[in-house]
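The values are calculated or read from the model by the stated rules, or taken from the named source; none is laboratory data. Note that this is a predicted model, so its numbers are computed, not measured. Note: ideal-geometry Cβ built from the backbone for every residue, glycine included; neighbour counts use all protein chains shown.
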C-alpha cells in the first residue's frame, strides 16, 4: 500500500487506478499515469458552460448558485480499509474532482487516450460535454469517526466534532435505514445530469476496494435558489420553494449561519459546514385532492405568486400578526412558513439546496416522488431547531421523511493539499 | 357516465375532472370547466422554448428531434372500466395533452385560476416553465384488445392488428413482469424534466378510476438523434449511440421503416407506428474493466470518434469486408454494429429514441443503470429481426434486458377528434 504523501495529489494512487481499471488489469502497466505526455483533454462541448473553481476557502456546491440537477451518493468504508486507505481515497477523490469540475476526464488517459490494452480510466459518457457547472462536495458521516459499536477504525475518534451526531428521531419519521446514514458522501450538482452521473460513477470506481455506495439519489429539478440571480423554482406540491432561502449575496448571513467559524469546534472544520439530507416522500394524491385555499393555508403563501398570505409579493416579509376580517390569523398557527421562519426557530436559518425526485411508482400506481431535502448549516442544531418546530406543521399530513443523513463538510482544499487533510494533520 | 361525443374534446369529461380534483370534491362545482371565462394561461417561462404541434398526421414524439429528458408510463385499465370509459379517457388525454404540449396548464382553471374551494386542476410544478419541447405520445398494448385469458373487455378484439403481439422471448432475456407490458402507454419527452414529469403526473390524475400506472421510467439523457441537426449523444458505455439512426431528414426511409402504410393492417393504424421499449440494465462494472480495444471490438466503432473500425469518421459507412494486416475482420463477426446493421437484418431498421437511466444503486453499491431502449417501427417484425440477430452480439456479456413492452401507436389526431378515434369508428 502506498504511504500517503505530504504533497498535493498529482495523480491517482495505484489503488485509485486499480479501482478505475479493475482487478483484472492489475498486472498491466496501468493506464492513466503512464501517459503523462498527453495533456489535459479539452472539453469540446457545445454551448455556454459554467466552470466553478474546485479549490478554495470553502468547498464549492454550497453557496454556488444551485445547479439544475443532482446525483448524491453516500458511501461506507470497506471493512478492511485502514487509515492510510482513507487518506489515499480522499487524495484520489480530490485529484479526480478537481479535474472533473473543470470539464476534464478523470485522468489524463481518460476514456480514449490511454493504452488500448488497458480499460479506459474514464467511462466516457461525458466526452464532448462541457463542465456544465459541475460541483463536487465531500462530507464525513458520524460513523467515519466512530462506528455504532464505538470502534475507532481510522484513529480519528478524538477529532470528531461534538456536534456531529446522528440526528434525533423527529415526530413522524418513517426512516428506512437503507436510505440514510453513511461514512462519507459526495454531492455532485450540474446543469447536465449526464455530467453529475458521470462524476459519481467515476468517483465510485476510484473508491473500489476502499469504499462503496450505501445509497444514492438522483434529483431532476432544483427546489431552491442560493443566489438572488436565480428564479425561485417549484417543488412537486406546485409551490415556489426556498423564497426566503439564504442567498450567497448576503455574506453576513452566510457567515453567521452556514460556515463553521474558528472556535466552533475542532480547527479542521473551520470554513466547513454541516450537511443534512432528508428524503421526503410526498403523499401526492392526498395533496392533489386538497382545496387550493387549504393548500395555501398549509404553506402560508399563495400558490401562484408565492406571496405570504399576509399580503404583498413573493419577497415581501410575512406579517405573522396580520388578521383577517373575522379576526383570524392570515398566516395560520400551523402554516409551514410561520413554523420554519427564523422568528419561530430562535433565529436558526438553513441554506437549502434540495431537489425534486421521482423514483418510479409504487405497486398502487402512485408516483414515488417527493423532495430530496439538502441543507447546509453552521451547526446541526439549526436543522434540529427547525425540524422540531415543524412537528406542528400542517404540511406533515402530506409528507413522510423516509431517509436521513448528516455529514461534516470540511473546508475547501488548497491546491497543494486535499479535501479533509486537516482531519489527519 | 357521459356518452362519448362525436365532436372534438373541448374540455375534460366529468370523470376526468373528478380525477384531477378527487373523489372528496365530487359534490363541488368542479373546478376547471366552471371558469371558461379565463383564457388560456400564457406560459411565462424564461429563455427560448420549442413548441411542437400536438395535432397532425402522425403523433409527435417519434420523428421529433429527440428531446433531452423522458418520463414514460405504462397504464393498466381498471377492472371496472368499460368501453365508454376508455373512449372518454382517450378524449380527456387528448384534450389535456394538446394543452400541455403548448405550454398551458392541464385545464383553463389550472393550478391557481379555479375556485379556491376546489382542488386545483393542475398540480402547478410547471407554472412559469415554457413548453420545453414537450411531446406526448400515446400507445395501445396487446392486452387492451384481448387480456391474457382472451377476454375482449372493450369490444375491440377484432380491431387488434395481427402484428400487435407480446414480443417473443429472446436469448438472454431476464424480464421482470413489473417492468413491462401495459394496456396503454404515454411517452412524455421534453428538454426540461420537470415538464415531462408534470405531464405524466397530470395525465395519470385524469385517468383516476379508469386506468393507473403499471410501471414508469425516467430517463435523464437521450441516447439517439432523430435529426441530422443533433449531435450524437453517448450512452453509459461511453460510446456514441444512434449514429446510423433513422433521421427525420430522410423521408423515404421514415416512410418505409417507421409509419404504418395503408394496407399494412387495420385502417385505423395507417399513419401510426409500433413502439417497443426494452429496459436494458448495463453490467457497468464488468464493462468498465474491459480493455479499450475490446470495448471497441464489441461495438465495432472507436470510442472517441465513433468511427467504424473499418476506418473513416463517425458517419462513414462501415465496411464489413475490411481486413486487418493479419487477415482478420476489422469489424468482428460478433460486433454490435455488424449485427444491427440493415445488411444483416434483411433491411430492417429501427427509429431509436432511447434514454440513459440511473435508478439508484443495488445492495452491493453498484449503480442500477443502463439504457431505456425505445424504438419505433412500421412493424414489430423489424424489431424482432434485429433483436434475434443480436443473440450473437458480443455486447450481451455486458447487458441484461429486464423490461419489455410493445404498443400500437395510432396516427395523430385531427383537431376535431382524439388520439385513437379510428379504433372506435
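Summary of values
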item: Those residues of the range B:48-86 which are under 24 Å from residue B:13 (Cβ atoms), part of a loop (DSSP other than H, G, I, E, B) and out of contact with any strand residue (DSSP E or B) (no Cβ under 8 Å at 6 or more places or on another chain), in sequence order; result: B:53, B:55, B:56, B:79, B:80, B:82
item: Residues of the range B:222-234 that turn out to be within 10 Å of chain A (Cβ to nearest Cβ) and buried (at least 24 other Cβ atoms within 10 Å of the Cβ), as a count; result: 3
item: Single unsatisfied condition, residue B:115 versus (1) modelled with pLDDT of 95 or more; (2) farther than 27 Å from residue B:376 by Cβ; (3) within 14 Å of another protein chain (Cβ to nearest Cβ); result: (1)
item: For residue A:238: the one exception among (1) surrounded by fewer than 17 Cβ atoms within 10 Å (Cβ to Cβ); (2) at positive phi; (3) touching a helix residue (DSSP H, G or I) at 6+ places or on another chain (Cβ under 9 Å); result: (1)
item: Residues (part of a strand (DSSP E or B) and either under 19 Å from residue A:70 (Cα atoms) or at the interface with another protein chain (Cβ under 8 Å from one of its Cβ atoms) (or both)) located in the range A:211-221; result: A:212, A:213, A:214, A:215, A:216, A:217, A:218, A:219, A:221
item: Single residue of the range A:387-420 satisfying the filter (under 21 Å from residue A:165 (Cα atoms) and over 19 Å from the mean Cα position of the chain (by Cα)) that is surrounded by the fewest Cβ atoms within 10 Å (Cβ to Cβ); result: A:391
item: Residue match in the range B:90-106 (condition: touching a strand residue (DSSP E or B) at 6+ places or on another chain (Cβ under 6 Å), at negative phi, at the interface with chain A (Cβ under 8 Å from one of its Cβ atoms) and at pLDDT 95 or above); result: no
item: Residue selected from the range B:270-292 under the condition over 28 Å from the mean Cα position of the chain (by Cα) and part of a loop (DSSP other than H, G, I, E, B), by the criterion nearest to the other protein chains (Cβ to nearest Cβ); result: B:289
item: Test for residue A:320: is it closer than 25 Å to residue A:250 by Cβ and in contact with a strand residue (DSSP E or B) (Cβ under 6 Å, 6 or more places away or on another chain); result: no
item: Of the criteria (1) surrounded by 22 or more Cβ atoms within 10 Å (Cβ to Cβ); (2) within 13 Å of chain A (Cβ to nearest Cβ), which one residue B:144 fails; result: (2)
item: Criterion: more than 19 Å from residue B:382 (Cβ to Cβ), within 13 Å of chain A (Cβ to nearest Cβ) and at pLDDT below 95 - qualifying residue of B:237, B:208; result: B:208
item: Residue A:264 farther than 30 Å from residue A:164 by Cβ, part of a loop (DSSP other than H, G, I, E, B) and more than 10 Å from chain B (Cβ to nearest Cβ); result: no
item: Residue check for residue B:302: over 30 Å from residue B:409 (Cβ atoms) and away from every other protein chain (no Cβ under 14 Å); result: no
item: One residue from B:163, B:129, B:175 being within 14 Å of chain A (Cβ to nearest Cβ) and under 26 Å from residue B:66 (Cβ atoms); result: B:129
item: Any hit, the range B:334-341, residues being in contact with a helix residue (DSSP H, G or I) (Cβ under 9 Å, 6 or more places away or on another chain) and either without any contact (Cβ under 8 Å) to a residue 12 or more places away in the chain or within 14 Å of another protein chain (Cβ to nearest Cβ) (or both); result: no
item: Per-region count, the range B:342-363, residues away from chain A (no Cβ under 14 Å) and in contact (Cβ under 8 Å) with a residue 24 or more places away in the chain; result: 9
item: Sole exception among (1) over 30 Å from residue B:128 (Cα atoms); (2) crowded, with 24+ Cβ neighbours inside 10 Å; (3) within 12 Å of chain B (Cβ to nearest Cβ) for residue A:196, by number; result: (1)
item: Evaluation of residue A:87 against (1) within 14 Å of chain B (Cβ to nearest Cβ); (2) closer than 13 Å to residue A:16 by Cα (one fails), failing number; result: (1)
item: Residue match in the range B:364-375 (condition: free of Cβ contacts under 8 Å to residues at least 60 places away in the same chain and within 11 Å of chain A (Cβ to nearest Cβ)); result: yes
item: Hits in the range A:385-406 (condition: more than 24 Å from residue A:140 (Cβ to Cβ) and in a helix (DSSP H, G or I)); result: A:388, A:389, A:390, A:391, A:392, A:394, A:395, A:396, A:397, A:398
item: Test: residue in the range A:42-55 that is more than 30 Å from residue B:194 (Cα to Cα), at pLDDT 95 or above and surrounded by fewer than 20 Cβ atoms within 10 Å (Cβ to Cβ); result: yes
item: In the range A:365-382, residue surrounded by the fewest Cβ atoms within 10 Å (Cβ to Cβ) [restricted to those that are modelled with pLDDT of 95 or more and assigned to a loop (DSSP other than H, G, I, E, B)]; result: A:379
item: Residue A:91 being within 19 Å of residue A:418 (Cα to Cα), surrounded by fewer than 24 Cβ atoms within 10 Å (Cβ to Cβ) and touching a residue at least 60 places away in the same chain (Cβ under 8 Å); result: no
item: Residue list for the range A:156-202, restricted to those being assigned to a loop (DSSP other than H, G, I, E, B), more than 24 Å from residue A:424 (Cα to Cα) and touching a residue at least 24 places away in the same chain (Cβ under 8 Å); result: A:167, A:168, A:170, A:171, A:172, A:173, A:174, A:175, A:176, A:180, A:191, A:192
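To keep it simple, each residue is scored yes or no on (1) assigned to a helix (DSSP H, G or I); (2) more than 23 Å from the chain's Cα centre (by Cα); (3) more than 20 Å from residue B:201 (Cβ to Cβ).
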residue	(1), (2), (3)
A:294	yes, yes, no
A:297	yes, yes, yes
A:310	no, yes, yes
A:317	no, yes, yes
A:325	no, yes, yes
A:349	no, no, yes
A:358	no, no, no
